[in-house]
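A.B. asks: Before I ask anything, here is the structure I am working with.
The values are calculated or read from the model by the stated rules, or taken from the named source; none is laboratory data. Every value quoted in this text rests on a predicted model; they were computed, and no experiment measured them. Glycine gets a Cβ as well: all are built from the backbone with ideal geometry, and neighbour counts include every protein chain shown. Surface areas here come from the heavy atoms of the whole protein model, side chains and all, with no ligands, DNA or RNA. Shrake-Rupley method; radii C 1.70, N 1.55, O 1.52, S 1.80 Å.
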Amino acid sequence: MSLVIQKLRSFLELIRFSHTLFALPFALASATLAWEMANEFYYLDLIGIVIALISARSAAMAFNRLVDRDIDSLNPRTRGRHIPSGKLSILQVLCFTILSSLMFIGSTTIFLLHEPSNPWPLYFSGPILIFILCYSFTKRFTMLAHFWLGASLMLSPLSAWIAIAGLTDLLYPTILGFAVLFWVAGFDIFYACQDFEVDRELRLHSIPSKLGIPIALHIAKICHALMLLFLFTLATICPVLGKPFLIGLIPISVLLVYEHALVSKDNLTQVNRAFFQVNAVISISLLGLIILDWFMK
């Protein structure tokens, strides 16, 4: 039993399960808006969204570790990861990727139990899976890989909305999705600053390795400014959002400023703190604001 628990822990570490906090709150925030617009809630929708997002992210993370295993072995920061260190074999991670992918596609059938006339989650599951898996190859040919990652997480609020409301009123989840895109791209640029020298040596593409850390940090600021622009736009035009959400965006803005204050071209020691802690608080807070807005109404 202890061996099984140890392997389970290794797989959870492999996919960094705790980082689900970055994507899941935005999917649930979009779902909450859809439920509020429809003035109804179905627990099967919630179950389907949670399973779909966790399984899709698990497949993408495991596939990324497979694709990057040679690169990870050459990077001092990542050579301790599970495949280079031998904690998990290539076959084990491949099987995990396949199982997670099948679970993602299968989870989309849950929505048919509630609304048989909305097959779009099932139809889109294959293309979405291919898109998010392809991210793992992007840093080999474009420094816009950060934005591909952002677009992959952008699909979480869009997919959650479509699962509940179909293809109607897509403006609101699209705006929320663009906020997610620029938020993720911004903090991924932060994270890539740690590897800019290794990326240059290995001829990998990232904004820090191609343009330098100072310019990369400025681009990250622009990304997060655009995130706030989309969030304030959503607060203004979405009919089910009220003052609690709008006012709550002020401390979210302060957190983003604090995140950028932690990192500079001369001090990258706080990158992990900015990446993991601050962004987890931001995503959970945004979900909390939307739920609070719903309950206050």
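A.B. asks: Tell me, which residue of the range 129-146 that is open to solvent by less than 40 Å² (accessible area, probe 1.4 Å) and assigned to a helix (DSSP H, G or I) is nearest to Arg65 (Cα to Cα)?
C.D. replies: Among those that are open to solvent by less than 40 Å² (accessible area, probe 1.4 Å) and assigned to a helix (DSSP H, G or I), it is Ser136.
A.B. asks: Just checking, which of Leu113, Leu66 is assigned to a helix (DSSP H, G or I), touching a residue at least 12 places away in the same chain (Cβ under 8 Å) and under 26 Å from Arg203 (Cα atoms)? Show your work before the answer.
C.D. replies: On the way: Leu113 fails: under 26 Å from Arg203 (Cα atoms).
Going through Leu113, Leu66 in turn, the sole match is Leu66.
A.B. asks: Of the residues that make up the range 179-194, is at least one β-branched (Val, Ile, Thr) and touching a His at 6+ places or on another chain (Cβ under 7 Å)? Before the answer, list the steps.
C.D. replies: In the first step, residues of the range 179-194 are kept if they are β-branched (Val, Ile, Thr); the result is 180, 184, 189.
This time we only want the ones that are touching a His at 6+ places or on another chain (Cβ under 7 Å), so: 189.
So far as the range 179-194 goes, yes, one or more of its residues are β-branched (Val, Ile, Thr) and touching a His at 6+ places or on another chain (Cβ under 7 Å).
A.B. asks: State whether one or more residues within the range 151-169 are farther than 24 Å from Leu122 by Cβ, in a helix (DSSP H, G or I) and in contact (Cβ under 8 Å) with a residue 24 or more places away in the chain.
C.D. replies: Looking through the range 151-169, none of the residues is farther than 24 Å from Leu122 by Cβ, in a helix (DSSP H, G or I) and in contact (Cβ under 8 Å) with a residue 24 or more places away in the chain.
A.B. asks: Would you say Phe190 is open to solvent by less than 50 Å² (accessible area, probe 1.4 Å), within 20 Å of Phe276 (Cα to Cα), modelled with pLDDT under 90 and part of a helix (DSSP H, G or I)?
C.D. replies: yes
A.B. asks: Are there any pairs with C-beta distances below 9 angstrom linking a residue in the range 261-280 that is closer than 15 Å to Ala220 by Cβ and of a type outside the set (A, V, I, L, M, F, W, C) to a residue that is at pLDDT below 70 and open to solvent by less than 20 Å² (accessible area, probe 1.4 Å), with the two at least 6 apart or on different chains, and if so which?
C.D. replies: none
A.B. asks: Something else now. Within the range 116-128, track down each residue that is at pLDDT 95 or above and either under 16 Å from Ile207 (Cα atoms) or open to solvent by less than 20 Å² (accessible area, probe 1.4 Å) (or both).
C.D. replies: Pro121, Ser125
Yes/no per residue for (1) modelled with pLDDT of 90 or more; (2) not aliphatic (A, V, I, L, M):
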site: Met37; (1), (2): no, no
site: Leu46; (1), (2): yes, no
site: Leu53; (1), (2): yes, no
site: Ala59; (1), (2): yes, no
site: Asn64; (1), (2): yes, yes
site: Ile71; (1), (2): yes, no
site: Thr78; (1), (2): no, yes
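A.B. asks: With the condition kept exactly as written, say whether any residue in the range 103-113 is within 13 Å of Phe63 (Cβ to Cβ), surrounded by 17 or more Cβ atoms within 10 Å (Cβ to Cβ) and in contact with a Lys or Arg (Cβ under 7 Å, 6 or more places away or on another chain).
C.D. replies: Checking the range 103-113: not a single residue is within 13 Å of Phe63 (Cβ to Cβ), surrounded by 17 or more Cβ atoms within 10 Å (Cβ to Cβ) and in contact with a Lys or Arg (Cβ under 7 Å, 6 or more places away or on another chain).
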